[in-house]
Every structure is written in C-alpha cells, then in structure tokens.
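The values are calculated or read from the model by the stated rules, or taken from the named source; none is laboratory data. All values derive from a computational prediction rather than experimental measurement. Glycine gets a Cβ as well: all are built from the backbone with ideal geometry, and neighbour counts include every protein chain shown.
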Amino acid sequence: MVKIPEEKKSKYVKRSTLQSISTLKNNPLGNIIIKKYSVGTRVNIVKLSEDLSKFLSPDNIEFKKKFFFDIYDQDGDGFISNIDLFEILKHLNSNTLEDYKIQNIVDQTFAEIGEYTTKMSFNQFETILNRSLDDFDKVL
C-alpha cells in the first residue's frame with residue numbers, strides 16, 4: 001500500500017468517492033482520468049482540478065494534446081503502443097465494435113505514421129491529430 005505523507009493528505013480524496021459521481025461513472029474516460037491522478041487508492045484532487053482547469057481554457061491547445069496523449073499512453077512509458085491504442089479504443093466504444101474492427105483502426109492509425117512501428121511518440125501523435133483536425137475543418 002502506498003503511504004501518503006500527513007501534510008499531503010488534504011490534496012487527496014478516496015478513489016471510490018470520485019467513482020461514485022455519476023458524471024464520472026457514466027463517462028467512458030472517467031476511470032481512465034481517475035487512474036491518471038491516483039496514488040494507491042487516493043486521487044490527487046488538487047492536480048486533477050488544476051489540469052481540468054487548464055483543459056477547459058480555450059487557449060491551451062498544446063496542453064490538451066499532451067493530456068490526450070497521456071490518456072492514450074496507458075502504461076505511461078511515453079509512447080502510445082498499438083496495445084495502448086487498442087485498449088483505449090475498445091474502452092471508449094463500450095465494446096460495440098468487434099476486436100478485429102478496432103485492430104483495423106489501430107493498424108490504419110499506425111500506417112499514417114509512414115514507417116513500420118508499434119509505438120507512437122508524442123510528435124507522431126501530434127502530426128496525426130493535426131492532420132485529422134485539418135480534415136475536420138475542411139468539412140465545416
């Protein structure tokens with residue numbers, strides 16, 4: 001069990017407390033976000049609040065990109081692996097797509113990088129994201 005120093009306990013809330021909030025419980029990213037800020041069975045509510053505040057700022061695009069990259073990087077190794085991407089996509093679609101269809105999306109995403117790899121760096125993620133946003137703007 002992780003021991004939290006006494007002076008830092010006020011920064012933390014029980015993970016189960018946050019997981020009982022209906023908007024987090026019903027959001028596919030809820031548990032992933034809670035996990036990102038967890039230390040043992042507690043969540044650093046101060047850091048979570050600070051980051052959500054930054055995320056809500058319309059001017060902080062770079063922070064938002066890094067935030068999403070960190071969510072997709074499930075194992076925290078600084079890369080999004082094809083396994084990381086598969087797992088997050090499976091979780092986000094609530095198991096409505098069959099695994100082979102999710103794997104096709106993963107394969108297509110990694111093919112966009114332009115080189116054979118099973119891991120995506122932040123720069124590669126940003127390039128794909130920017131390309132997708134450009135395509136989205138064209139539709140509007």
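Could we say that residue 106 is touching a Lys or Arg at 6+ places or on another chain (Cβ under 6 Å) and not in a loop (DSSP other than H, G, I, E, B) here? If you could, list the steps in order and put the result at the bottom.
Details: touching a Lys or Arg at 6+ places or on another chain (Cβ under 6 Å): no; not in a loop (DSSP other than H, G, I, E, B): yes.
Against the criterion (touching a Lys or Arg at 6+ places or on another chain (Cβ under 6 Å) and not in a loop (DSSP other than H, G, I, E, B)), residue 106 does not qualify.
Taking interchain pairs and intrachain pairs at least six residues apart, which have beta carbon atoms under 8 angstrom, with the first residue in the stretch 98-124 and surrounded by 15 or more Cβ atoms within 10 Å (Cβ to Cβ) and the second small (Gly, Ala, Ser)?
What qualifies is 119/81; 120/81; 122/78.
Name the single residue, out of those in the stretch 69-79 being assigned to a helix (DSSP H, G or I) and in contact with a Phe, Trp or Tyr (Cβ under 8 Å, 6 or more places away or on another chain), that is surrounded by the fewest Cβ atoms within 10 Å (Cβ to Cβ).
First, pick out the residues of the stretch 69-79 that are assigned to a helix (DSSP H, G or I): 69-72.
Right, trim to in contact with a Phe, Trp or Tyr (Cβ under 8 Å, 6 or more places away or on another chain) and you get 69, 72.
On the way: 69: 20, 72: 17.
Looking at residues that are assigned to a helix (DSSP H, G or I) and in contact with a Phe, Trp or Tyr (Cβ under 8 Å, 6 or more places away or on another chain), I get 72.
Please state which of the following conditions residue 51 fails to meet, knowing it meets all the rest: (1) over 16 Å from residue 34 (Cβ atoms); (2) surrounded by 17 or more Cβ atoms within 10 Å (Cβ to Cβ); (3) of a type outside the set (Val, Ile, Thr).
Looking at each condition in turn, residue 51 falls short on (1).
Would the stretch 14-23 turn up any residue that is within 16 Å of the chain's Cα centre (by Cα) and either outside any strand (DSSP E or B) or modelled with pLDDT of 90 or more (or both)? Reasoning before the result, please.
Keep residues of the stretch 14-23 that are within 16 Å of the chain's Cα centre (by Cα), which gives none.
No, the stretch 14-23 has no match at all.
Within the stretch 36-55, track down each residue that is among the polar types (S, T, N, Q) and in contact with a Ser or Thr (Cβ under 9 Å, 6 or more places away or on another chain).
Of all residues in the stretch 36-55, those among the polar types (S, T, N, Q) come to 38, 41, 44, 49, 53.
Listed by number, the residues that qualify are 41, 44.
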